[in-house]
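Here the structure comes first, spelled out in structure tokens, and everything after it is commentary.
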Amino acid sequence: MANTEETKVAFETTLGKIVVKLYNDTPKHRDNFLKVVNDSVYNGVLFHRVIKDFMIQTGDPSSKNAAPGQQLGTGDLGYTVEAEFVYPKHFHKKGALAAARTGDAVNPERRSSASQFYIVTGKAYSPQQVELMENQMAEQAKEDIFSGMVRERVDSIRNMQAAGDSLGLEELQNELIALTEAEYAKNPVKFTDEQVKAYTTVGGTPHLDGQYTVFGEVVEGMDVVDKIQQATTGPSDRPVDDIQILSAKVLK
């Protein structure tokens, strides 16, 4: 029988201990995270980006021994990890552990950073706010589908524009709208009851769902995470007073 026990990792920070568990159904992220921990990459890194009611981010190797005020966040390990969206099972509730990444424009596959990660703090929303966000995310999803179809047909569109074929452009637009609706219907944006409950009680960051790989969660030390998110920050959301991971180890 397969081992279903979830591996845990403990971080000793300058503000206290944080323990996370890693999900087994995001194995690429789990295995990479354990390798990075065992390679001591996290020993000495800073929480270089902290935004209250949103998240705390760390894992930039270049943040070790960084000068005060130095801009951080671009350091990495020279490779990326394939996205593993197990959604909506894993979502951005408070305490979620997720992989940072570069933006869609340069990273359309939404591959994850090899070392940088964040822990969600977020905030609680009213049911009406959650519904509004769900609708906004649905519209964004449709827009993304439509834009992708337009890119695939850009040569045809340019030819019709050059020929002044307004009727052809209108017909194509109507066709793409219908195709977009059909494609969206295969995977519509709809929060589960569990998501709605979490986002209206403990809180989280719903707008990140389906955009970044969630591969674990905090099981001990959420009070420490809350302390970190209260830090006074300067440019680029870096804490004025360094908050450091002293050590990271895999718990057996």
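Results, tabulated for the structure shown:
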{"quantity": "Those residues of the range 111-125 which are open to solvent by less than 70 Å² (accessible area, probe 1.4 Å) and within 20 Å of Phe191 (Cβ to Cβ), in sequence order", "calculated": "Val120, Thr121, Gly122, Ala124, Tyr125"}
{"quantity": "Evaluation of Asn107 against (1) open to solvent by 30 Å² or more (accessible area, probe 1.4 Å); (2) assigned to a loop (DSSP other than H, G, I, E, B) (one fails), failing number", "calculated": "(1)"}
{"quantity": "Selection from the range 40-78 of residues that are over 14 Å from Pro239 (Cβ atoms) and either acidic (Asp, Glu) or open to solvent by 60 Å² or more (accessible area, probe 1.4 Å) (or both)", "calculated": "Asp53, Lys64, Asn65, Thr74, Asp76, Leu77, Gly78"}
{"quantity": "Residue match in the range 165-172 (condition: part of a helix (DSSP H, G or I), modelled with pLDDT of 95 or more and acidic (Asp, Glu))", "calculated": "yes"}
{"quantity": "Asn135, sole failed condition from (1) within 30 Å of Ser62 (Cβ to Cβ); (2) loosely packed, with under 12 Cβ neighbours inside 10 Å", "calculated": "(1)"}
{"quantity": "Where a residue in the range 43-60 is of a type in the set (Lys, Arg) and its partner, wherever it lies, is surrounded by fewer than 16 Cβ atoms within 10 Å (Cβ to Cβ) and at pLDDT 95 or above, with Cβ under 8 Å and at least six apart", "calculated": "Lys52/Gln230"}
{"quantity": "Sole residue being touching a Pro at 6+ places or on another chain (Cβ under 7 Å) and either modelled with pLDDT of 95 or more or part of a strand (DSSP E or B) (or both), chosen from Phe47, Phe33", "calculated": "Phe47"}
{"quantity": "From Val86, Val81, residue being surrounded by 16 or more Cβ atoms within 10 Å (Cβ to Cβ), under 21 Å from the mean Cα position of the chain (by Cα) and closer than 25 Å to Tyr23 by Cβ", "calculated": "Val81"}
{"quantity": "Close pairs from the range 177-206: first of a type in the set (A, V, I, L, M, F, W, C), partner not in a helix (DSSP H, G or I), Cβ under 7 Å, at least 6 apart", "calculated": "Ala198/Lys93; Ala198/Gly204; Val202/Lys93; Val202/Lys94; Val202/Ala124"}
{"quantity": "Selection from the range 11-39 of residues that are touching a residue at least 60 places away in the same chain (Cβ under 8 Å) and over 21 Å from the mean Cα position of the chain (by Cα)", "calculated": "Glu12, Thr13, Thr14, Leu15, Gly16, Lys17, Asn38"}
{"quantity": "Residue list for the range 235-252, filter: assigned to a loop (DSSP other than H, G, I, E, B), of a type outside the set (Asp, Glu) and at pLDDT 95 or above", "calculated": "Arg238, Val240, Ile243"}
{"quantity": "Residue check, Ile157 out of contact with any Cys (no Cβ under 7 Å at 6 or more places or on another chain), surrounded by 14 or more Cβ atoms within 10 Å (Cβ to Cβ) and outside any helix (DSSP H, G or I)", "calculated": "no"}
{"quantity": "Flag if Asp241 is without any contact (Cβ under 8 Å) to a residue 12 or more places away in the chain, among the charged types (D, E, K, R) and at negative phi", "calculated": "yes"}
{"quantity": "Restricting the range 205-234 to residues that are assigned to a loop (DSSP other than H, G, I, E, B) and either over 21 Å from the mean Cα position of the chain (by Cα) or at pLDDT 95 or above (or both), the residue that is nearest to Lys93 (Cα to Cα)", "calculated": "Thr205"}
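The values are calculated or read from the model by the stated rules, or taken from the named source; none is laboratory data. All figures in this text were calculated on a predicted structure; none of them were measured in a lab. So basically every Cβ, Gly included, is an ideal-geometry build from the backbone, and we count neighbours across all protein chains shown. Quick note on the areas: whole protein, heavy atoms, side chains included, nothing else; ligands and nucleic acids left out. Shrake-Rupley method; radii C 1.70, N 1.55, O 1.52, S 1.80 Å.
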